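Worksheet for the structure shown next.
The values are calculated or read from the model by the stated rules, or taken from the named source; none is laboratory data. Nothing here was measured: the structure is a model prediction, and the numbers come from that model. We place every Cβ from the backbone using ideal geometry, glycine too, and count neighbours over all the protein chains shown.
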Amino acid sequence: MSSVRAPAVAGSFYPGRRDALVRALEECFLHPLGPGALPQVDRQGPGRIAALVSPHAGYMYSGPAAAHGFAALAADGVPECAVILGPSHHSLGRTAAVSAADAWQTPLGEAPVDKALARALVEATDLLVADDAAHRWEHSLEVQVPFLQFVYGEEAPPLVPICIRAHPLDDLDLLAADVTELGGVLARALSGKRAVIIASSDLSHQIPHREAERQDRLALDQMLAMDPAGLLRTVQEHQISTCGPVPVAIAMAYCLARGGGEAELLRYYTSGDVIGDRAAVVGYASLVIRSQGR
């Protein structure tokens, strides 16, 4: 019997009806803070984008930033699969939870899971376990899926959703070792595939706009430098409330294990730029990491 992961935040983080969701996604791309045009898929694209860093708040806030990454991905071609790494807002632990479902449901339809790849990843390391319970209420991965469905339609790549449980940052050496191992496991499993890693992360939370910009620049500088350990250390030392530093670090480690990569910041803003209230904001950014030599 097949299993389908039901949406947890349809109707809250994004519209729960198909027609309303399509309009909301169009607005993300056409928003003044978005790319300004609907995405165009180039089926002959170079396939150089190895990873995205994409925010995961409600679409009215972070959707325009996320749209920049998915527009770039569309112009880069059609991936064979998309591995989504999202931070858990509900559970702790060293192991990351790979979805065991056959598909993920959204108002745009069912997005199939690459079950063979998911099994291969779980078998490759003790740091990955098959666990759908960790995904049941988690929004950080779910909000990325409608973007893929909207951009690619019937050509949308199969998914491997991986929920990264919240790691304590007090043992950076152990955490950095875990990040390196997971990045290497992904690189080996995806070798020869035209794949994209989507690392889901918002930046600083509920601080004044200017301080958010200062803190977020510290974290973004480490992302642009392709320094996974440096990102984790910076977040810890400056107590930056980035909620997905580990997924982003894993994405960078994956690119480094593949031979390197060049990161580009496509868009950064805060919720204050959306609603005008800059007293306590959340930071959002969209980045791409392109493979070298492709």
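Lys193 meets all of the listed conditions (1) surrounded by fewer than 22 Cβ atoms within 10 Å (Cβ to Cβ); (2) part of a strand (DSSP E or B); (3) in contact with an Asp or Glu (Cβ under 7 Å, 6 or more places away or on another chain) but one, namely (2).
Yes or no, residue by residue, for (1) farther than 30 Å from Ala133 by Cβ; (2) in contact with a Gly (Cβ under 8 Å, 6 or more places away or on another chain):
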residue	(1), (2)
Val4	no, no
Ala10	no, yes
Phe13	no, yes
Asp19	yes, no
Pro32	yes, no
Gly36	yes, no
Gly47	yes, yes
Leu52	no, yes
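Cβ-Cβ contacts under 8 Å between residues 6 or more apart (or on different chains), taken from a first residue in the stretch 118-131 that is in contact (Cβ under 8 Å) with a residue 60 or more places away in the chain to a second residue that is of a type outside the set (A, V, I, L, M, F, W, C), are listed as Ala124/Arg188; Thr125/Glu181. For the stretch 89-137, the set of residues classified as among the polar types (S, T, N, Q) and touching a helix residue (DSSP H, G or I) at 6+ places or on another chain (Cβ under 6 Å) consists of Ser91, Ser99, Thr106, Thr125, listed by residue number. If you go through the stretch 196-219 and pick out every residue that is of a type in the set (A, V, I, L, M), part of a helix (DSSP H, G or I) and surrounded by fewer than 22 Cβ atoms within 10 Å (Cβ to Cβ), you end up with 1. Only one of the numbered conditions (1) part of a strand (DSSP E or B); (2) more than 15 Å from the chain's Cα centre (by Cα); (3) of a type outside the set (A, V, I, L, M) is not met by Arg267, and that is (2).
Among the residues of the stretch 9-43, those that are within 15 Å of Val151 (Cα to Cα), surrounded by 13 or more Cβ atoms within 10 Å (Cβ to Cβ) and among the aliphatic types (A, V, I, L, M) comprise Leu21, Val22, Ala24, Leu25, Leu30, Leu38, Val41. If I filter the stretch 220-262 down to residues being part of a helix (DSSP H, G or I) and of a type in the set (Asp, Glu), which single residue comes out as farthest from Leu190 (Cα to Cα)? The residue in question is Glu237. Look at the stretch 1-23: where a residue is of a type outside the set (Gly, Ala, Ser) and a partner is at pLDDT below 95, sitting 6+ places away or on another chain with Cβ atoms under 7 Å, you get Arg5/Asp132; Arg5/His135; Val9/His139; Phe13/His139.
Here His139 does not fit the description of being within 21 Å of His89 (Cα to Cα) and touching a Pro at 6+ places or on another chain (Cβ under 9 Å).
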